[in-house]
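Before any comments, here is the structure.
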Amino acid sequence: MDPKLTRAPPQESGEARLPMVYNPLPPPYQETPLQEPPPLQAFGNFAGAGYDPPDFVTVQPIPYMDEVQRTPVKDYLGYSIFTTLCCCLPIGMAALVQSVITREANFYGNWMRAKKRSKKALILNNLALGAGLFIITSVLVFFLWIACLRY
């Protein structure tokens, strides 16, 4: 036997311990003796058929439908692309991500998630539009003020 595969735990207080041997093979299968099936029970019209009807009936629970909605939620994808390209890039990108998540939730029928993400996309789009308009008007006012100072 290979000495690397044989391991023995450390001896404690003089107790004799058997060495632990690594055996890569599983134990052999044991055969189970064949058993005869249980005897048939007689019950009403099912005598001798081997069927014993239960004393109770299991009823499946009715699935709870949270909300039935057939039309998809607005995803504001076009608005998100416009605000990303023309107004405020960072906020527009966040709105674009929310719009894509809304579209995906609509595709899978997750209406609650689609509504939540659609609302976030709309808020971010409006915020990006406001920030973009503020920046554009501020720059225009600044350049007009500079132009007035020159003359």
Exercise. Got at least one residue in region 22-45 being modelled with pLDDT under 65, on the phi < 0 side of the Ramachandran plot and open to solvent by less than 100 Å² (accessible area, probe 1.4 Å)?
Worked result: yes
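Results for (1) outside any helix (DSSP H, G or I); (2) surrounded by fewer than 21 Cβ atoms within 10 Å (Cβ to Cβ); (3) over 34 Å from the mean Cα position of the chain (by Cα), shown as yes or no for each residue.
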residue	(1), (2), (3)
THR83	no, no, no
PRO90	no, yes, no
ALA95	no, no, no
PHE107	no, yes, no
LYS115	no, yes, no
SER118	no, no, no
VAL139	no, yes, yes
LEU149	no, yes, yes
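Go through the residues of region 123-136 one by one and say whether even a single one is in a helix (DSSP H, G or I), more than 26 Å from the chain's Cα centre (by Cα) and within 23 Å of THR71 (Cβ to Cβ).
Looking only at region 123-136, we keep the residues that are in a helix (DSSP H, G or I), and these are 123-136.
This time we only want the ones that are more than 26 Å from the chain's Cα centre (by Cα), so: 125-136.
Those still in the list that are within 23 Å of THR71 (Cβ to Cβ) too: 125-126.
So far as region 123-136 goes, yes, one or more of its residues are in a helix (DSSP H, G or I), more than 26 Å from the chain's Cα centre (by Cα) and within 23 Å of THR71 (Cβ to Cβ).
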For this session: Take VAL57 and decide whether it is among the hydrophobic types (A, V, I, L, M, F, W, C), open to solvent by 70 Å² or more (accessible area, probe 1.4 Å) and at pLDDT 75 or above.
Result: no
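The values are calculated or read from the model by the stated rules, or taken from the named source; none is laboratory data. Bear in mind the structure is a predicted one, so any value in this text is a computation, not a measurement. Note that we place each Cβ from the backbone using ideal geometry, even for glycine, and neighbour counts take in every protein chain shown. Ligands, DNA and RNA are stripped out before the accessible areas are found, and what is left, the full protein with its side chains, is counted by its heavy atoms. Shrake-Rupley method; radii C 1.70, N 1.55, O 1.52, S 1.80 Å.
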